[in-house]
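K.L.:
Starting off with a structure, shown below.
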Amino acid sequence: MSTTADETRLMTPGELRGERDGEGAGGRFAWLVSLREALDKPLTSYYLLLGASALLLTIGLIMVLSASSVYSYRFNDGDSYAVVRRQLMWLLIGLPAAFVASRLPLGFLRRISVWVYVLSLVLLFLTIFLGREINGNRNWLGVGPLQMQPSEVAKLALILWAATVYANKERRLGNLHQLVVPVVPGMFLATGLVVAGRDLGTALVFGAILMGMLWVVGAPMRFFVLIFAVVGTIAAGFAVTDGERWARLTTFMDPFADFHDTGWQPAHGLYALSSGGWFGQGIGASQQKWGDLPEAHTDFIFAVLGEELGLVGTLLVVGLFLTIAFAALRVARCTENPFVRYATFGIVVWLLGQMMINVGMVLALLPVIGVPLPLVSYGGSSLLPSLAALGLLIGFARREPEAARALAARRRSRSTGVSAGRVS
């Protein structure tokens, strides 16, 4: 206490007891105070985005190496590292792309957004007629060994285009017509092209992006009800007209009822998770990846992660995604630029929503609809747009006024230190 002995004698016993209790409470909750101070620093969002993204990419590369080793050995002439080498190649391409995206001027992003959106529609249209069909979905386009999924690029294109449109209409968003046109028809057009390729998983992600964008611009609740009804009716119609798709959609309710057919993948995903325990079997020790679990290094990599790293590992991955969402939403809340606000929120809905869909598939809470885990699952078509989106978020965080001043001050101090060292 800061009081003198004479002052202490004048204090009542209750006052003394209250002061001691306050000091004790301060000691017990000092970590909360420190956490709040750390979160209030101008570069917190920037470092959270960098750190969480780097950890997810590292975990993803390790898990692709482990989950794909058996598959690679069988289908690449005994080379257990073929798949992870390709993933590393995509990562080495994606990181510079993310760096460039973080430095792109906002005006440039807004100008090119409509052209990127149109290009994505053209690619989705071509995929319907010229695309390659895998696992019942016609969602791959390319020539020879160069293959891509246009729908992955379209996710980012839709977000940037919608954010540009809503930013231009910032003062007119109280009008329902301005909220709807042209974003909702444009989103439905892209979703229809994806559904025509029988890719219901991507269509669900598109729907989540549309809902998120409408929510952030203040659409009325009755509009959401109407969209849910329309989308639900269309999805149900497509599901019941295809026996294989209907079986995949309904098997998740009880994977073991059709264990040797449509329930094989979700059932073995549950086996993998249940055998992981708290801390897992250890990296490389998965048993399900030895052929029992299809798509172990792509759509069901979360199951292998749970088997090898346990509940702790799965919660770490989910926590890292939540950290990215927390940091990005801080940026969206603090910015005064409407384009940054809408684009940031759309990217968060995309990455977090896709993560929730993928985890729901593996936990048999959702049907198996072929949605990869962002930043973790194998695949350049998914990794590159995700890294570009993260680069945009990091760039938005750098442009926060306080963050920009802090980075400028740091650069000045470094240059001053270098100059002083040369003089000495």
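The values are calculated or read from the model by the stated rules, or taken from the named source; none is laboratory data. Since we're looking at a predicted model, the values are computed, not measured. Cβ placement follows ideal geometry from the backbone for every residue including glycine, while neighbour counts extend to all protein chains displayed.
K.L.:
Would you pick out the residues in the stretch 72-105 that are over 24 Å from the mean Cα position of the chain (by Cα) and under 21 Å from S377 (Cβ atoms)?
P.N.:
S72, Y73, R74, F75, N76, D79, S80, Y81, A82
K.L.:
For the stretch 224-257, enumerate the residues that are among the hydrophobic types (A, V, I, L, M, F, W, C), surrounded by fewer than 16 Cβ atoms within 10 Å (Cβ to Cβ) and modelled with pLDDT of 75 or more.
P.N.:
F224, V225, L226, F228, A229, V230, F256, A257
K.L.:
Find all pairs meeting these conditions: Cβ atoms under 9 angstrom apart; at least six residues apart or on different chains; first residue within the stretch 100-121 and over 25 Å from T191 (Cβ atoms); second residue of a type in the set (D, E) and in a helix (DSSP H, G or I).
P.N.:
Qualifying pairs under 9 Å: none.
K.L.:
Next up: Determine if the stretch 77-88 includes at least one residue that is surrounded by 11 or more Cβ atoms within 10 Å (Cβ to Cβ) and over 30 Å from E295 (Cα atoms).
P.N.:
Scanning the stretch 77-88, I find no residue that is surrounded by 11 or more Cβ atoms within 10 Å (Cβ to Cβ) and over 30 Å from E295 (Cα atoms), so the answer is no.
K.L.:
Looking at the stretch 383-400, I want the residues that are farther than 20 Å from G353 by Cβ and have a partner that is part of a helix (DSSP H, G or I) and of a type in the set (D, E, K, R) with Cβ atoms under 8 Å, at least 6 apart or on another chain. Which pairs are those?
P.N.:
G395/R103
K.L.:
Continuing with this model, one more query. For the stretch 324-374, enumerate the residues that are among the hydrophobic types (A, V, I, L, M, F, W, C), touching a residue at least 60 places away in the same chain (Cβ under 8 Å) and under 17 Å from L158 (Cα atoms).
P.N.:
Listed by number, the residues that qualify are F339, V340, A343, F345, I347, V348, V349, W350.
K.L.:
Out of all the residues in the stretch 79-108, which are outside any helix (DSSP H, G or I) and in contact with a Ser or Thr (Cβ under 9 Å, 6 or more places away or on another chain)? Talk me through it step by step, then tell me what you get.
P.N.:
As a first pass, look at the stretch 79-108 and keep what is outside any helix (DSSP H, G or I): 79-81, 104-105.
Correct list: D79, S80, Y81.
K.L.:
When the stretch 258-277 is examined, which residues are found to be charged (D, E, K, R) and either loosely packed, with under 14 Cβ neighbours inside 10 Å or in contact with a Gly (Cβ under 8 Å, 6 or more places away or on another chain) (or both)?
P.N.:
Hit for the stretch 258-277 is D261, nothing else.
K.L.:
Could you list, in sequence order, all residues of the stretch 387-403 that are part of a helix (DSSP H, G or I), in contact with a Pro (Cβ under 8 Å, 6 or more places away or on another chain) and buried (at least 19 other Cβ atoms within 10 Å of the Cβ)?
P.N.:
A403
So that you can scan it fast, the table gives a plain yes or no per residue for (1) under 20 Å from L390 (Cα atoms); (2) within 25 Å of the chain's Cα centre (by Cα); (3) crowded, with 18+ Cβ neighbours inside 10 Å:
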{"residue": "G107", "(1), (2), (3)": "yes, yes, no"}
{"residue": "F129", "(1), (2), (3)": "no, no, no"}
{"residue": "N135", "(1), (2), (3)": "no, yes, no"}
{"residue": "P150", "(1), (2), (3)": "yes, yes, yes"}
{"residue": "Y166", "(1), (2), (3)": "no, yes, yes"}
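K.L.:
Now for a different question. Restricting the search to the stretch 174-209, which residues are surrounded by 16 or more Cβ atoms within 10 Å (Cβ to Cβ) and part of a loop (DSSP other than H, G, I, E, B)?
P.N.:
G197, R198, D199
K.L.:
Among residues belonging to the stretch 210-225 that are without any contact (Cβ under 8 Å) to a residue 60 or more places away in the chain and in a loop (DSSP other than H, G, I, E, B), point out the one that is nearest to A190 (Cα to Cα).
P.N.:
Filtering the stretch 210-225 down to residues without any contact (Cβ under 8 Å) to a residue 60 or more places away in the chain leaves 210, 214-215, 218-225.
Of the ones still in play, those that are also in a loop (DSSP other than H, G, I, E, B) are 218-220.
Values: G218: 22, A219: 20, P220: 23 Å.
Within the stretch 210-225, the match that is nearest to A190 (Cα to Cα) is A219.
K.L.:
Sort through G280, G346, G353 and tell me the only one that's within 20 Å of M211 (Cβ to Cβ) and either in contact with a strand residue (DSSP E or B) (Cβ under 9 Å, 6 or more places away or on another chain) or surrounded by fewer than 24 Cβ atoms within 10 Å (Cβ to Cβ) (or both).
P.N.:
G353
K.L.:
Here are L55, L119: which of them is farther than 18 Å from L156 by Cα and not small (G, A, S)? Walk me through it before giving the result.
P.N.:
Numbers: L119 fails: farther than 18 Å from L156 by Cα.
Of the residues listed, the single one that is farther than 18 Å from L156 by Cα and not small (G, A, S) is L55.
K.L.:
With the requirement that a residue be in contact with a strand residue (DSSP E or B) (Cβ under 8 Å, 6 or more places away or on another chain) and more than 21 Å from I159 (Cβ to Cβ), what does the stretch 122-132 give you?
P.N.:
Filtering the stretch 122-132 for residues in contact with a strand residue (DSSP E or B) (Cβ under 8 Å, 6 or more places away or on another chain) gives 123, 126-128, 130-132.
Listed by number, the residues that qualify are L126, I128, L130, G131, R132.
K.L.:
Restricted to the stretch 289-308, and to residues that are hydrophobic (A, V, I, L, M, F, W, C) and surrounded by 24 or more Cβ atoms within 10 Å (Cβ to Cβ), which residue is farthest from the chain's Cα centre (by Cα)?
P.N.:
Only one residue fits best here, namely L293.
K.L.:
Further question: Answer with yes or no whether V122 is crowded, with 19+ Cβ neighbours inside 10 Å and aliphatic (A, V, I, L, M).
P.N.:
Considered against the rule, which asks whether it is crowded, with 19+ Cβ neighbours inside 10 Å and aliphatic (A, V, I, L, M), V122 comes out as no.
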